[in-house]
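Inspection log for the structure reproduced underneath, given as C-alpha cells.
Here, each number is a calculation from the coordinates, and none is a lab measurement. Being a predicted model, the structure only gives us computed values, none of them experimental. Note that we place each Cβ from the backbone using ideal geometry, even for glycine, and neighbour counts take in every protein chain shown.
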Ligand code: BGC
C-alpha cells in the first residue's frame, strides 16, 4: 500500500522520555463538506497509544505488537468517527516497546547500541471520508509536533516512570525520518487487549517489614492503583512471582529485568496503570506508597492477544482443575502477539521449542488460528537462507542460534498441527516452502545418508537430573537419537502437507526421506531386544510417538517405556518428551501409568507445583522446593507454559475428544478412564461448532454423554467389556436408529454417530 504519511520523529532526541506527537484538525478545515467517517491508520517504532480529544483510540494495548519488524511491521486501523468533534486534537505517545528496548536483557552491547539508536518514530494517516464520497488525508509530516510526555521512561523489562504532576508543554517541531514503508503490513493476528481485572487478595507486612500486595493469581500485564495523594508524593513498586521461604517478597529470578514502576503523584485522588510495558507477577512490593495502603486500592490487569476461548475442561479432582487453570493462565500470560517462553525475566522471547511443545494444547484452549498464522510468517521471514530456523522468533540478530532439533521443527510441526486443528489448507500453502527448506537443511547435514547426528542441540531441555550424579539416575537422552526422531517427523509431516496441497512429487520425496530416516534410526539406535541407545523415557516416547520403529518392535519398546516409568515412579522427561509421554502410555495400554505420572504430588510431577500453591505452570519441575527454598535464581520462571502441554492429553485422551481428520470434519471420543476420577468433561468449539464429552464412572455405572457438531461424524468408543450391555439413550445400542454399532475391540465398543447429543451407559 502506498503511504502518504511519512515517518516522523522529534527534532531533538528526548532520551528515555516517551514523546507525545500531536496534530490538530478541525471540521472547519473542510468548508462545505460533511464528514461521514474518519479512520486512523498508524504504527510506531516502539509501542504507541493514541488519544483523540483526550479519549483513548481503540483498545489495543502495546500496539503495534511484535513481528520481525525489518520485514514485517504491523500497522493498525481504527475507526475514530465517533470521537471526532468540531475541533480535534490527536495525541500519540510512543514508548520503546519491543522495537527499541534492549530485548533480551542479555543482548550484546553492540545490539543494545543498535536498538538505542532507533528513533522514537511514528507514521500515521488520518483518513476522512465525506458524505459526498470524496476523501482527505492528514498524513504524518512536518506539520505535526512533539513534546515530552508524562511517561519519563518506559521499557519492556525495566518498567515505567510516570510523573503525573508534569505539565506537557514545550512542543517542538518534528523531523522526517529516512525509513521505508515497504515493510508495513496490516495487523494480522488478534490485537492485544486488557482482560481480567484481578482485585488484590490481600495487602500485608512481610516478616522483613516490607509491604506486599498479593493478587492470588500470577498474571501478565500491569497493575492499576488508586491513591489519594499530594503533588510530588512518590510511589515505587516492584513485581515478583512468589514469596521466598520466609514469606518475603522475592524476584531475583527476573535477572536483569528491573520490572519497576515509579510514579510521582499529582494532587488528589488519582488512578494509574502503565501503558507501554508489562510484567509477569502475582505479588507487588510497595517500596514507597503514600498513606496506609490497603488491598482495595490495587488491581492486576491481565493483558493478552484477544483469542477466543474455545476449550474447557473440568473433573472430579480439584487439584487437576487447578492444574488446568494454571495451563490456561500460562497461555494467557505468554500469548502477547508472540508465543513467549515466560513473561517476567529478561527474556519473554518467542522461543520456538516452547511454542512447538505447547501448540496443540493452545489450539484446544483458545482459537489461536490467526495468532499462529501471523507468527509462522515471522518464522518463515526469519528463516536463514540455508533453511535453518532460528531459536527465537522474531529473531534477534546475532543472538542465539538456529537449526536446533525440537526448536527448529516448529516450522513443520506447527503448520501441520494447525491444519489438523482448523482444517484450513492455506496454512500449509503459506508455510510449505519453509517446511521444505528446514527438512532439506537437515538432509544436507547428515553425516551418512539420512542419519542426522551433527551440530549442537538443546536436546530434551530440563529433563530430570540430579547433581553430582554417581548412580547414572539422570535421564540423559542421546541427542542424535532425538534429532533423528524429529527429523523423521518433520519429513513425514512435510510429505503429508505436500499430499494435501496436491504436490505428488514432493509428497513422495519427503515420505521417502522419512522412511529412510526411520530405517537409519533403527540401524543406529535400536537393539534387537527393543532397547534404545539411551534407555530413557524420552527416547522410548519419541521413538513410539514419531513411529520410528517396525510394527513388531512397537509393543516391546512400549513395554520398555512402561518399565522405565515404573522404575522411577515419576516422570523424567524434559521439554521434548513431556508432550507425548502420556499419549504414548495410553495408546499402548498403560493408562494407569499415565495417570500415575499426572497425579503425582511430589517432585517431579504436574501436581507438585499445584500443591505448592502455583497458579501458572513452572519452568522446572522443581522451580521451588518443598520447604519453599528457590534453588535457582538464574533460569527459573514460575510462568512457563511448556509443561502445560499435558493439556493436550487431558482433552484428547483422558476425556478422549479429538479430531480424526483435519479441522474436526470427523472426530472421535475415546475416554481413558482411571486415576480415581469419577468424572471428567471437556468441550471444544471446533470449526463446525461445539463438541463436548463428559464421562462419569460412579457406583458401578459408566456414562458417557457426547455432543457432536453439525456436518460432522464421530466415532464413539465406550469403555466396556463387550458390545452387549452398552445402552444409548436408554435402549440397547445395537438397536439404535441414531447410531451404528461398529463392533468391540480392546476394551471399547465402537459406535458411529452423526451430529447430535447422545448418552451412553454401561454397567461396570
Ligand atoms: C528459555 C526456554 C528456551 C531455552 C532454550 C530458555 O532460557 O526460557 O524456555 O526454550 O532457553 O533452551
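From 613, 589, grab the single residue that is without any contact (Cβ under 8 Å) to a residue 24 or more places away in the chain and more than 16 Å from the ligand (Cβ to nearest atom). Sole residue among the options that is without any contact (Cβ under 8 Å) to a residue 24 or more places away in the chain and more than 16 Å from the ligand (Cβ to nearest atom): 613.
Can you spot a residue in the range 596-603 that is in a helix (DSSP H, G or I), touching a residue at least 60 places away in the same chain (Cβ under 8 Å) and in contact with a strand residue (DSSP E or B) (Cβ under 7 Å, 6 or more places away or on another chain)? Looking for residues that are in a helix (DSSP H, G or I), touching a residue at least 60 places away in the same chain (Cβ under 8 Å) and in contact with a strand residue (DSSP E or B) (Cβ under 7 Å, 6 or more places away or on another chain), one finds none in the range 596-603, hence no. A count restricted to the range 508-531 and to residues that are crowded, with 24+ Cβ neighbours inside 10 Å and either touching a strand residue (DSSP E or B) at 6+ places or on another chain (Cβ under 9 Å) or not in a helix (DSSP H, G or I) (or both) stands at 2. Which one of these is under 21 Å from residue 30 (Cβ atoms) and in contact with a helix residue (DSSP H, G or I) (Cβ under 8 Å, 6 or more places away or on another chain): 52, 90? The conditions single out 52.
Taking the range 77-97 as the range and being in contact with a strand residue (DSSP E or B) (Cβ under 8 Å, 6 or more places away or on another chain), surrounded by fewer than 14 Cβ atoms within 10 Å (Cβ to Cβ) and part of a helix (DSSP H, G or I) as the test, only 81 passes.
Can we say residue 635 is out of contact with any helix residue (DSSP H, G or I) (no Cβ under 6 Å at 6 or more places or on another chain) and outside any helix (DSSP H, G or I)? Let's see the steps before the verdict.
Working: out of contact with any helix residue (DSSP H, G or I) (no Cβ under 6 Å at 6 or more places or on another chain): yes; outside any helix (DSSP H, G or I): yes.
It is true that residue 635 is out of contact with any helix residue (DSSP H, G or I) (no Cβ under 6 Å at 6 or more places or on another chain) and outside any helix (DSSP H, G or I).
Within the range 380-400, the set of residues being over 21 Å from the mean Cα position of the chain (by Cα) and more than 18 Å from residue 431 (Cβ to Cβ) comprises 397, 398, 399. Remark: residue 322 matches the filter, which requires a residue to be assigned to a helix (DSSP H, G or I), more than 11 Å from the ligand (Cβ to nearest atom) and closer than 18 Å to residue 612 by Cα.
Yes or no, residue by residue, for (1) closer than 18 Å to residue 408 by Cβ; (2) away from the ligand (no atom under 16 Å from the Cβ); (3) within 31 Å of the chain's Cα centre (by Cα):
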| position | (1), (2), (3) |
| --- | --- |
| 450 | yes, yes, no |
| 460 | yes, no, yes |
| 479 | yes, no, yes |
| 500 | no, yes, yes |
| 503 | no, yes, no |
| 507 | no, yes, yes |
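Close contacts from the range 332-358, counting a first residue that is touching a residue at least 12 places away in the same chain (Cβ under 8 Å) and more than 18 Å from residue 303 (Cα to Cα) and a second that is near the ligand (Cβ under 10 Å from one of its atoms) and outside any loop (DSSP other than H, G, I, E, B), with Cβ to Cβ under 8 Å and a gap of 6+ residues or different chains, come to 351/392; 352/392; 353/642; 354/641; 354/642; 357/642; 358/641; 358/642.
Quick one: which residue in 693, 645, 682 is within 16 Å of the ligand (Cβ to nearest atom) and either surrounded by 24 or more Cβ atoms within 10 Å (Cβ to Cβ) or more than 30 Å from residue 613 (Cβ to Cβ) (or both)? Explain how you work it out, then say what you get.
On the way: 693 fails: within 16 Å of the ligand (Cβ to nearest atom); 682 fails: within 16 Å of the ligand (Cβ to nearest atom).
Result of the check over 693, 645, 682: 645.
Looking at the range 338-354, is at least one residue more than 16 Å from the ligand (Cβ to nearest atom) and in contact with a strand residue (DSSP E or B) (Cβ under 9 Å, 6 or more places away or on another chain)? Reasoning before the result, please.
As a first pass, look at the range 338-354 and keep what is more than 16 Å from the ligand (Cβ to nearest atom): none.
Among the residues of the range 338-354, not one is more than 16 Å from the ligand (Cβ to nearest atom) and in contact with a strand residue (DSSP E or B) (Cβ under 9 Å, 6 or more places away or on another chain), which makes the answer no.
One residue alone among 439, 410 is crowded, with 24+ Cβ neighbours inside 10 Å and within 16 Å of the ligand (Cβ to nearest atom), and that residue is 410.
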